[in-house]
Amino acid sequence: MDGSIARPRPLLALGLRLLAALALATMAMLVKLAGERGAHLVEMIFWRQALSAVLLGAGLALTGKLALLRTKRLAAHGRRAISGTVGMMFTYGAVLLLPLAEATTLGFTAPIFAVLIALVLFGETIGPYRWSAIAIGFTGVLVVMGPGLGSGDGAVTVAGVIVGLIAPLMVALISFQVQDLNTTESAWSIVFWFTALSAPVLALALPFVLGPHDLATWGIILAMALCGALAQVLLTLSLRFGSAAVILLMDYTALLWASFYGFFVFERAAPASLWLGAPLIVAAGLIIAYRERELARLNHRSYSDRQDSARKD
């Protein structure tokens, strides 16, 4: 499967993306539960990656599509695996250090970091729309941090916020790597090599972090890994049937699930500062998505005009 929409089915794409958001939120909840029961961060990421690689490889083998995994860019996949693994450590770390809803909300700043990366690394010109979005988004971050920063058990801590912001920064950086890989690789290949290359490296650390767990903890770890694998498949399928510009909006529903789990599993209601700051961060992401779509449309129109002019000449 390539990056194009093979069979446009927008309602199916939206449904798959909603399920992906639920799977990711459930995975985050299980990560937090497993962490509270003594599971190590590296251990959880290993099982997440190893199980995903096995399930994806087996699924492609059973459907006769192993050829999709052929690649001539193993080094690029290796670089993506390194940055992806580091990104997962910060993502899982944010879940362990912060309440679920706050960790999820800070994750929505990835589009803001993507704009800043485009400015710093690629010299892209940033106009008033996206500068405004950046200002709105980081105002939302300040609100989410709240006046009670660092006070009390389960509060939003400085360390948690730093880790929670590095996580979306890594997501933004990785998105540029994935965009590059998408020019030559199938989506299944990108996912498989990420998991297959990172799992053996993580396995080397297992003797140093693996601890004894009871049956319930192992069940939580297994469920977490399954949710992660399921989310990866759902994310991939949603892009097969729908436009990213539309279905990405469904990702914000993860905040509702995170708030639900935070209240019913961890007995912590989301504070007022979250509900004041989260809309600002979401609004920033929507402004950036809208502006990126408009710029892409203008660039396509300009390219078409140049082509027409060349044909006339």
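Against the condition surrounded by 13 or more Cβ atoms within 10 Å (Cβ to Cβ), aliphatic (A, V, I, L, M), at pLDDT 95 or above and in contact with a Ser or Thr (Cβ under 9 Å, 6 or more places away or on another chain), how does ALA223 come out, does it pass? I'd like the intermediate steps shown before the answer.
On the way: surrounded by 13 or more Cβ atoms within 10 Å (Cβ to Cβ): yes; aliphatic (A, V, I, L, M): yes; at pLDDT 95 or above: yes; in contact with a Ser or Thr (Cβ under 9 Å, 6 or more places away or on another chain): yes.
Yes; evaluated as a whole, the condition is true for this residue.
Could you give me the residue pairs with C-beta distances under 7 Å whose first residue belongs to region 106-129 and is surrounded by 10 or more Cβ atoms within 10 Å (Cβ to Cβ), whose second residue is not in a helix (DSSP H, G or I) wherever it lies, and which are 6+ apart or on separate chains?
Pairs found: VAL115/ILE126; ALA118/GLU124; LEU119/ILE126.
Please indicate, with yes or no, whether at least one residue in region 44-54 is of a type in the set (Val, Ile, Thr) and under 19 Å from the mean Cα position of the chain (by Cα). I'd like the intermediate steps shown before the answer.
Kept after step one, since they are of a type in the set (Val, Ile, Thr), are these residues of region 44-54: 45, 54.
From what's left, under 19 Å from the mean Cα position of the chain (by Cα): 45.
Within region 44-54 (the criterion being of a type in the set (Val, Ile, Thr) and under 19 Å from the mean Cα position of the chain (by Cα)), the answer is yes, since at least one residue qualifies.
For region 103-116, check the following and say yes or no: at least one residue is hydroxyl-bearing (Ser, Thr, Tyr) and either part of a helix (DSSP H, G or I) or out of contact with any helix residue (DSSP H, G or I) (no Cβ under 6 Å at 6 or more places or on another chain) (or both).
The answer is yes; a qualifying residue exists.
To keep it simple, each residue is scored yes or no on (1) under 27 Å from VAL163 (Cβ atoms); (2) of a type in the set (Ser, Thr, Tyr); (3) in contact with a Phe, Trp or Tyr (Cβ under 8 Å, 6 or more places away or on another chain).
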| site | (1), (2), (3) |
| --- | --- |
| ARG9 | no, no, yes |
| LEU12 | no, no, yes |
| LEU66 | no, no, no |
| ILE82 | yes, no, no |
| THR85 | yes, yes, no |
| ALA103 | yes, no, no |
| ILE112 | yes, no, yes |
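Return yes or no: is THR91 of a type in the set (Ser, Thr, Tyr), within 18 Å of the chain's Cα centre (by Cα), surrounded by 15 or more Cβ atoms within 10 Å (Cβ to Cβ) and within 21 Å of ALA34 (Cα to Cα)?
yes
Provide a single number: the residues in region 55-81 that are in contact with a helix residue (DSSP H, G or I) (Cβ under 8 Å, 6 or more places away or on another chain), under 22 Å from ASP180 (Cβ atoms) and in a helix (DSSP H, G or I).
10
Given the structure, is ALA225 within 22 Å of GLY38 (Cα to Cα), assigned to a helix (DSSP H, G or I) and more than 18 Å from the chain's Cα centre (by Cα)?
no
Would you mind finding the one in LEU202, LEU248 that is surrounded by 14 or more Cβ atoms within 10 Å (Cβ to Cβ) and either in contact with a Cys (Cβ under 6 Å, 6 or more places away or on another chain) or at pLDDT 90 or above (or both)?
Exactly one residue qualifies, and that residue is LEU202.
Collect the residues in region 179-199 that are part of a helix (DSSP H, G or I), surrounded by fewer than 19 Cβ atoms within 10 Å (Cβ to Cβ) and either touching a residue at least 12 places away in the same chain (Cβ under 8 Å) or among the charged types (D, E, K, R) (or both), keeping them in residue-number order.
Correct list: ASP180, ASN182.
So VAL86 ticks every box in (1) closer than 27 Å to ALA196 by Cβ; (2) buried (at least 20 other Cβ atoms within 10 Å of the Cβ) but one. Which box is left unticked?
Of everything listed in (1) closer than 27 Å to ALA196 by Cβ; (2) buried (at least 20 other Cβ atoms within 10 Å of the Cβ), VAL86 misses just condition (2).
Could you please give the count of residues in region 33-54 that are assigned to a helix (DSSP H, G or I) and either buried (at least 24 other Cβ atoms within 10 Å of the Cβ) or of a type in the set (Val, Ile, Thr) (or both)? Talk me through it step by step, then tell me what you get.
Applying the first criterion (assigned to a helix (DSSP H, G or I)) to region 33-54 yields 33-36, 41-54.
Going one step further and asking which of them are either buried (at least 24 other Cβ atoms within 10 Å of the Cβ) or of a type in the set (Val, Ile, Thr) (or both), we end up with 34, 42, 44-46, 48-49, 52, 54.
Residues meeting the conditions: 9.
The values are calculated or read from the model by the stated rules, or taken from the named source; none is laboratory data. From a predicted model like this one, the values you see are computed outputs, not experimental measurements. Reconstructed Cβ throughout: ideal geometry from the backbone, glycine too, with neighbour counts over all protein chains shown.
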